[in-house]
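The values are calculated or read from the model by the stated rules, or taken from the named source; none is laboratory data. Remember, predicted model here, so these are calculated numbers, not experimental data. Ideal geometry is used to build each Cβ from the backbone, glycine not excepted, and the neighbour counts take in all protein chains shown.
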């Protein structure tokens with residue numbers, strides 16, 4: 001059974017069909033990419049998976065659980081976490097506290113325990129702080145930066161902190177929305193290595209939206225391509241890179257000549 005399966009998944013906004021009868025499966029332990037021109041429906045697909053949007057029609061199943069009517073917090077508890085194209089950290093909180101917020105869905109203590117400062121609550125709080133420091137180390141920030149306010153971190157480290165916060169929810173599936181956006185080549189290479197580590201070390205399944213074709217072709221086991229809300233291709237990276245429909249819709253002449261850079265597009269984000 002696939003970890004994530006979409007069948008005839010559709011999302012309409014009035015007369016606009018953002019996602020049009022998409023069939024898509026993600027296998028456990030896979031690194032997959034979802035690519036396509038701006039406006040192809042990629043982020044809308046992510047938003048349906050994470051409970052921000054309800055599908056208009058079709059089915060969406062994660063790890064045997066039907067999705068589509070769950071709230072985002074319920075989806076998180078099932079084991080799906082995400083990052084965003086535009087970083088959404090709590091900018092005025094410390095790096096450690098951002099991770100602790102992500103951990104909240106897995107904590108057992110409630111307001112009553114916090115009010116009384118019960119021994120169990122204190123132990124859980126200490127364990128959570130220790131785990132937050134481990135995650136800071138794992139993503140490359142280092143626990144010494146735990147007290148740094150998020151907005152004071154360099155851009156590349158903010159990206160890594162957002163991944164650490166997602167990991168704090170203990171996901172099975174991690175959705176990354178343009179994780180390399182705004183990064184320089186060195187940062188992009190380091191991030192690519194981190195994503196591969198997430199799968200190899202933690203056994204995570206990863207689905208990413210990404211416009212940097214060097215990242216997509218270098219890290220993906222399988223690539224899915226959307227255009228105007230419809231899936232037009234899927235397959236291994238090399239096959240996708242030489243697919244005539246994908247070249248025409250997205251990759252452009254540069255890819256056909258062997259480069260891995262997408263042509264400029266003018267459609268709206270999505």
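Within the stretch 17-41, if we keep just the residues that are at pLDDT 95 or above, over 26 Å from residue 204 (Cα atoms) and out of contact with any helix residue (DSSP H, G or I) (no Cβ under 7 Å at 6 or more places or on another chain), the residue that is surrounded by the most Cβ atoms within 10 Å (Cβ to Cβ) turns out to be 20.
In the stretch 200-260, counting only helices (runs of 4 or more DSSP H) that sit wholly within it, the ones holding 3 or more residues that are surrounded by fewer than 20 Cβ atoms within 10 Å (Cβ to Cβ), modelled with pLDDT under 90 and at negative phi span 252-256.
Scanning the stretch 49-67 for residues that are over 13 Å from the mean Cα position of the chain (by Cα) and buried (at least 17 other Cβ atoms within 10 Å of the Cβ) turns up 51, 53, 55, 58, 60, 61, 62, 63, 67. Filtered by the rule that a residue be touching a helix residue (DSSP H, G or I) at 6+ places or on another chain (Cβ under 6 Å), free of Cβ contacts under 8 Å to residues at least 40 places away in the same chain and outside the structural domain of residue 30 (by TED's automatic domain parsing), the stretch 151-193 gives a lone residue, 156. Every test in (1) within 20 Å of residue 174 (Cα to Cα); (2) at pLDDT below 85 is passed by residue 136 save one, and that test is (2).
Among the residues of the stretch 85-95, is there at least one that is modelled with pLDDT of 95 or more and either under 20 Å from residue 219 (Cβ atoms) or crowded, with 22+ Cβ neighbours inside 10 Å (or both)? Yes, that holds for at least one residue.
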